[in-house]
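*Asks:* Take a look at the following structure, please.
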Amino acid sequence: MKKIFSKSLKFLSAFSLFVAINANAFSEGEDYILLQKPILTQKGTLIKIFSYACPFCYKYDKIVVPTIVKKVEGLKYEPFHLKNKANEHNEGETANKIFAVAIIKDKAKGVDLLSDDSLFKKAQMAYYEAYNDKKQRWSDAESFLDFGLQASGISKAEYEKMLDDTKVQALLEKWEQSYEIAKIRGVPAFVVNGKYLINTAKLNSIDAMCKLIQELMVK
């Protein structure tokens, strides 16, 4: 996982430059690649594969992702959590389940996943801050689960009930594709229309990323 996370450092550092580039310079194999196994999703969707234990994912979600979604008209945002956090408590898998339940509840109520009212965002940011800022580690699986449920405001009884929900199960199954994509260039990984994986190391500003996403949205 450390290897996957470290691949994002180059792009994250380059964001401070905020230098515009010519959108006509974008090319397959350089700025993005075509996935051999596309993810089934709607056209105009930006998928972000992340891990709560990834410091780069955390920094992107605080500023970069909300800015991109706001600036790119008609862009739909879909987060995928990478469960492959290896330890004896299976924290990555538990985080997947909490995030999936929270997302389905948000969607049922029509809550934007980037809104401060989002149960998903509350759980996501709580784990991000605890793990990356406070260096918190959990002694057992139960305490990790309780932390996320408390942050999101979801009761344990409702959480356990919703794990059997077909929409939750479908989302968890969909996220199983995350690891194979993350292995290519690390996390955070951004995929447009389910098939174009952005090479973030080639971009040097948020504006450049927005232009590339706009171009890929209509391909």
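*Asks:* Where residues in region 185-219 are aliphatic (A, V, I, L, M) and at pLDDT below 95, which of them is least open to solvent (accessible area, probe 1.4 Å)?
*Replies:* 203
*Asks:* To continue, here is another question. Is it true that some residue in region 42-55 is in a helix (DSSP H, G or I), over 23 Å from residue 156 (Cα atoms) and in contact with a helix residue (DSSP H, G or I) (Cβ under 8 Å, 6 or more places away or on another chain)?
*Replies:* Within region 42-55, one or more residues are in a helix (DSSP H, G or I), over 23 Å from residue 156 (Cα atoms) and in contact with a helix residue (DSSP H, G or I) (Cβ under 8 Å, 6 or more places away or on another chain).
*Asks:* Now for a different question. I need the full set of residues from region 109-152 which are of a type in the set (Lys, Arg) and either open to solvent by 70 Å² or more (accessible area, probe 1.4 Å) or closer than 17 Å to residue 93 by Cα (or both), in order please.
*Replies:* 109, 122, 134, 135, 137
*Asks:* Of all residues in region 153-204, how many are in a helix (DSSP H, G or I) and not aliphatic (A, V, I, L, M)?
*Replies:* 18
*Asks:* In addition: Kindly provide the set of residues from region 71-104 that are part of a helix (DSSP H, G or I) and open to solvent by 30 Å² or more (accessible area, probe 1.4 Å), ordered by number.
*Replies:* 71, 93, 97
*Asks:* Also: For region 158-175, give me the residue count where each residue is open to solvent by 100 Å² or more (accessible area, probe 1.4 Å) and either under 15 Å from the mean Cα position of the chain (by Cα) or in contact (Cβ under 8 Å) with a residue 40 or more places away in the chain (or both).
*Replies:* Qualifying residue count for the region: 1.
*Asks:* Among residues belonging to region 176-219 that are among the acidic types (Asp, Glu) and touching a residue at least 12 places away in the same chain (Cβ under 8 Å), point out the one that is nearest to residue 120 (Cα to Cα).
*Replies:* Per the criteria, the residue is 180.
The values are calculated or read from the model by the stated rules, or taken from the named source; none is laboratory data. Not measured: the values here are computed from a predicted model. Using ideal geometry, Cβ is built from the backbone for each residue, glycine included, and neighbour counts are taken over all protein chains shown. Please note that ligands, DNA and RNA were not included when accessible areas were found on the heavy atoms of the full protein model with its side chains. Shrake-Rupley method; radii C 1.70, N 1.55, O 1.52, S 1.80 Å.
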